[in-house]
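Let me begin by presenting the structure, written as structure tokens, before commenting on it.
Rule-based calculations on the coordinates, nothing more; no lab input. Because the structure is a prediction, the values reported are computed rather than measured. Neighbour counts are summed over all protein chains in view; Cβ atoms, including those assigned to glycine, are modelled from backbone coordinates with ideal geometry.
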Amino acid sequence: MTRTSPFHRPVTKAVLPAAGLGTRFLPATKATPKEMLPIVDKPAIQYVVEEAAAAGLGDMLVITGRNKRPLEDHFDRNFELEQALVSKGDRERLAKVQESNGLATLHYVRQGDPRGLGHAVLCAAPHVGDEPFAVLLGDDLIDPRDPLLTRMMDIQQREGGSVVALMEVEPSQIHLYGCAAVQSTAHPDVVRVTGLVEKPDPADAPSNYAVIGRYVLDPAVFDVLRETRPGRGGEIQLTDALERLATGEALGGPVHGVVFKGRRYDTGDRGDYLRAIVQLACEREDLGPQFRAWLGRYAAETGLSALA
Ligand code: G1P
């Protein structure tokens, strides 16, 4: 197959993998998708959809699985609820209900057999076609005041190939992430990725640069994913496919990394999820002042502030 270079084709589509079983949050996720758990008062997935929409990606494909109907309903209209709020004259809540309807055109495809992140991304191939595209993982929330995706899209447009988001972490934490071997470039926030390894033991990690859940990928990655065998955890790993792009073994490179130093909230497990809610609630203009005051009192009363 001859492939025209996707080099200067703009990125217009976002892929949002959301097929995980959410077992770390059972029993909450028995009948509710993990992506619908609220972070303060908004489902986690809405933050991600808002981020992609703010970056100009109006076409989104959500990779779903069983039990994901509430997710589709959330981004659809709810006439009954809207009608009830209209007749009460409650414009503020009406606006909140309608907020999620017009953000983007959302498409859905089921992963069927959940065989890992690489497999989830591969499910997007027919929808994405032959254009570079973004992938946003719902466990990482990026503060809208610290834009990351737009910077990654700029680099992809300038350099071609694929771009990952990186963050420096404590070496002891690197086993929780994909890890990148990097070389510096003329731009302090951009590195060239020369290798990638999924969740290495700290002793074997090539660096402390962790891959966080934002990617802008060359569509050639689909061909690589088709050939990628199960890796860590018996799953088809996106990191393993990107490693082949980074080393030049397969088309779709070079791979660059944008080093993110902004605010990121991890919602991946229960501890991270609780921290994300507290951090975001503190930052909120409407809830923040009262919540921070209470948190300060609570920390003092319980002796927690002395532990900090
Ligand atoms: C996935 C990726 C990993 C990446 C992480 C970012 O892992 O496989 O490379 O560092 O997302 O959040 P997961 O956290 O889904 O196990």
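Grab the DSSP H runs of the chain that are 4 residues or longer, score each as -39,500 (n - 2.57), total them, divide by all residues and round the 222 nm result to the nearest 500 deg cm²/dmol. The helix contribution divided over the chain gives -9500 deg cm²/dmol.
Looking at the chain, which longest stretch skips every one of the GluC sites (Glu not before Pro) that is in a DSSP loop with at most 16 other Cβ atoms within 10 Å, leaving the sites themselves out?
Details: sites that count: Glu249, Glu285.
For GluC sites (Glu not before Pro) (loop position, at most 16 other Cβ atoms within 10 Å), the longest site-free span of the chain is 1-248.
Compactness check for segment 141-245: Cα Rg over 2.2 N^0.38 Å is 1.06. The trypsin sites (Lys or Arg not before Pro) of segment 121-228 meeting both criteria, a DSSP state outside H, G, I, E and B (loop) and at most 11 other C-beta atoms within 10 angstrom of the site's C-beta, are Arg145. With contacts taken as Cα pairs under 8 Å and at least 6 residues apart, segment 91-216 reaches a relative contact order of 27 percent.
For segment 1-93, rounded, prolate or oblate, judged on the Cα gyration tensor with a ≥ b ≥ c (square roots of eigenvalues), a/c < 1.5 rounded, else prolate if a/b > b/c?
Because a/c hits 1.5 or more and a/b fails to exceed b/c, segment 1-93 counts as oblate.
Pairs of lysines in the chain whose Cα atoms sit within less than 18 Å of one another amount to 6, provided the residues are eight or more positions apart or on different chains.
Compute the FRET efficiency between Asn101 and Asp59 as 1/(1 + (r/R0)^6), taking r as their Cβ-Cβ distance and R0 = 25 Å, and round to the nearest 0.05.
Approximately 0.95, to the nearest 0.05.
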